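One structure below.
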Amino acid sequence: MGAAKRRYNKTLTCRGEPLLLTQRKRMDQDPTPAAGFRQGLTNYGDPGFSTFLRTAFIKGAGYTDDSLARPVVGIINTGSGYSPCHGNMPGLTGAVSRGIMLAGGLPVEFPTISIGEIFAHPTSMYLRNLMAMDTEEMIRAQPMDAVVLIGGCDKTVPAQLMGAASAGVPAIQLVTGSMLTGAHRGQRVGACTDCRRFWAEHRAGAIDDAEIDRVGDHLVASVGTCSVMGTASTMACVAEALGMMVPGGASPPAVTADRLRVAERTGTAAVAMIAKKLTPEKILTVHAIENALRVLLAIGGSANAIIHLTAIAGRLGIAIDLDAVDAMSRETPVLVDLKPSGQHYMEDFHRAGGLTTVLRELRPLLHLDALTVTGRTLGEELDAAAPAFPQDIIRPRERPIYAEGGIAVLRGNLAPGGALIKQSAASPELLEHEGRAVVFENAEDLARRLDDPALEVGRDDILVLKRIGPVGAPGMPEAGLIPIPKQLARQGVKDMVRISDGRMSGTALGTIVVHVTPEAAVGGPLAVVRTGDRIRLSVARRSLALLVPEAEIARRTAELPVAAAVAGERGYRKLFLQSVTQADRGCDFDFLRAVEMKQTAPARPSGEARG
Ligand code: FES
């Protein structure tokens with residue numbers, strides 16, 4: 001044995017054991033599961049050499065034997081110049097590292113793909129699964145005993161939870177936190193419900209070019225995620241409700257001391273998860289998924305979260321039953337008075353106690369036995385939480401801001417696989433509506449004709465946009481908020497029923513039916529709708545009906561062109577088009593979902609007391 005190898009053997013230990021075992025034979029036969037840097041060895045056909053080489057290289061980065069003997073906690077750094085939503089990443093990784101070291105662990109940062117919602121072409125959703133694959137494979141490929149997932153912007157948190165669920169290593173979610181609000185001419189503003197409101201006023205001619213530029217100076221007042229209950233804030237709350245985040249972790253704004261303290265607690269908790277072997281499948285149970293759905297409905301959260309939760313649950317063999325979600329929605333009022341369903345912003349939500357206040361209100365409807373990353377149950381965490389205090393942002397269940405859950409599930413001959421409407425952000429007078437369809441065949445057709453003065457459209461018509469679904473666009477862009485045609489906007493029309501197979505931003509409001517499944521591009525009934533057809537929306541009856549005789553629908557369906565082939569495509573786009581599933585399966589790639597769906601959430605009739 002050479003001198004270098006002897007020295008190495010003598011000093012390097014992990015949890016009191018030699019890290020490089022003195023005999024290669026012993027390493028091969030060691031029944032102890034490998035930990036720290038010993039696990040997941042690079043394959044050179046000689047495990048001893050692999051360990052020796054790995055240690056030599058990590059020492060090249062200046063690590064001591066003491067450092068290398070500690071449990072390793074990976075920290076996924078998704079900082080990117082293309083994502084101001086993640087602009088506080090350096091401070092967060094520093095605080096997480098501090099928490100890990102205080103608990104005796106060794107933090108190791110590594111990058112994955114980052115997706116900035118506003119900077120991703122053609123749409124961030126096209127890349128969510130790529131980020132999920134990156135997350136899963138980098139967790140699996142690199143030696144770590146636990147991992148801290150730092151995300152924030154819309155698709156990053158679902159991608160990380162999907163990847164971590166599949167990787168099976170103890171994982172804990174941290175979010176970057178919401179941005180601050182700003183002010184325009186004395187009026188409080190925040191991204192991005194106000195972005196859309198001001199832009200609609202600009203389209204209607206009420207705001208000129210100079211003023212819309214000034215508005216743009218103040219909508220995004222700091223780094224962080226959108227300041228309303230959009231998809232990012234929703235997924236932060238969902239992650240906490242799932243038990244994948246330290247209690248109180250969803251709401252602190254990005255640039256606050258509270259956010260940094262959450263980051264430190266996250267690092268400390270990650271180390272504790274190692275000894276408890278708290279892998280995601282122990283936390284992401286049917287009960288946890290149901291709790292998250294309940295919270296999603298009560299916060300007036302983004303409809304996008306239904307797709308993301310379906311994808312996360314699907315990784316662990318749990319199917320989401322949309323009809324059961326709708327039944328849950330009928331008995332879960334919206335409690336949170338935040339835009340777009342209400343009036344306030346995430347800063348206000350945090351000052352009102354954040355998700356803990358919501359969970360306390362929902363307590364009789366929650367599964368309190370669900371395990372969290374702390375190793376304690378949701379019920380135990382609620383028992384330990386600070387007492388409630390007077391505030392008016394998160395309402396009691398007896399005085400909600402909307403009587404039902406924020407999201408309703410629609411069915412009918414236009415959406416046999418389901419469609420969603422965010423009823424809490426819709427115009428009440430349009431929730432029961434029959435109108436003439438004005439159809440746009442795809443996004444290009446919409447851009448070409450929407451503002452054409454020759455477009456025949458009235459305020460009672462229903463705007464229909466096809467081929468913006470998972471395959472159609474591709475990537476299911478947030479184009480479901482079809483703008484009001486200028487000729488109507490200038491007459492003061494602010495809302496119309498709009499229907500598409502795409503998504504809409506969680507920050508948007510209006511009577512918008514999205515996620516029509518199956519989508520037009522794969523031959524769903526939406527494909528056969530023509531301008532002049534009548535459509536009836538009844539949210540009370542949860543129905544979306546194309547009022548065209550079934551025989552005529554069948555005739556039109558038979559005339560549809562054969563779905564586009566992927567011949568001529570290459571790379572990720574080919575993989576995406578071949579593998580993406582419809583919205584009711586979370587738009588995950590078919591080969592990434594669990595092989596078998598063994599359970600369903602919600603699991604049982606809702607409304608009864610939970611234990
Ligand atoms: Fe990143 Fe809204 S654009 S959270």
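The values are calculated or read from the model by the stated rules, or taken from the named source; none is laboratory data. These numbers were taken from a predicted model, which means no experiment stands behind them. Counting neighbours? That spans all protein chains shown, and the Cβs are built from the backbone with ideal geometry, glycine included. Accessible surface is based on the protein model in full, side chains and every heavy atom, while ligands, DNA and RNA are left aside. Shrake-Rupley method; radii C 1.70, N 1.55, O 1.52, S 1.80 Å.
A few remarks follow.
- When its C-alpha radius of gyration is set against 2.2 N^0.38 Å (N residues), the stretch 513-577 gives a value of 1.41.
- Accessible carbon and sulfur surface of the stretch 502-611 relative to its total accessible area, %, 1.4 Å: 54 percent
- Each of the peptides 574-584, 331-341 was scored by the mean count of other Cβ atoms within 10 Å over its residues; in descending order, highest first, they stand as 331-341, 574-584.
- Each Lys and Arg contributes +1 and each Asp and Glu -1, all at the Cβ; summed about the Cα centre of the stretch 471-611, the dipole is approximately 360 debye.
- Pairs beyond 31 Å (Cα-Cα), from 155/277; 466/494; 155/598; 282/466; 339/466; 59/276: 282/466
- Net charge contributed by nearby residues that have their C-beta within less than 13 Å of residue 339 (K/R +1, D/E -1): 0
- Cα lying deepest toward the dipole's positive end in the chain, options 124, 286, 438, charges on Cβ: 286
- Overall form of the stretch 84-178 per C-alpha gyration tensor (a/c, 1.5; a/b vs b/c): oblate
- For the stretch 294-407: rounded, prolate or oblate by the Cα gyration tensor [a/c cutoff 1.5]: oblate
- Percent RCO, i.e. relative contact order, over the chain, from Cα pairs under 8 Å lying at least 6 residues apart: 13 percent
- When peptides 440-450, 414-424 are sorted by average Cβ neighbour count within 10 Å, with the highest value leading, the order is 414-424, 440-450.
- Computed magnitude of the charge dipole of the stretch 170-240 (debye, nearest 20; Cβ of K, R +1, Cβ of D, E -1): 160 debye
- Probe 1.4 Å, protein heavy atoms only - accessible area per residue of the chain in square angstrom: 38 Å²
- Cα shape, the stretch 160-219, gyration tensor, a/c 1.5 rule: prolate
- Rh by Kirkwood over Cα pairs, then Stokes-Einstein D for the stretch 359-425 at 1.002 mPa s and 20 °C, µm²/s: 143 µm²/s
- Between the stretch 387-460 and the stretch 280-337, the Cα center-to-center distance that results, in Å: 19 Å
- Between residue 397 and residue 380, the distance separating the two model label sites (each 7 Å from Cα on the Cα→Cβ line) works out to 2.5 nm.
- Per-selection Kirkwood Rh - the chain (Cα, Å, 1 d.p.): 25.2 Å
- As a length-normalised measure over Cα pairs under 8 Å and 6 or more apart, the relative contact order of the stretch 402-561 settles at 30 percent.
- Rounded percent of accessible protein surface that carbon and sulfur make up, the stretch 239-326, 1.4 Å probe: 60 percent
- Pairwise Cα distances in the stretch 192-328 exceed 22 Å for 52 percent of all pairs.
- If only the Cβ of Lys and Arg carry +1 and only the Cβ of Asp and Glu carry -1, the dipole of the chain around its Cα centre is close to 1600 debye.
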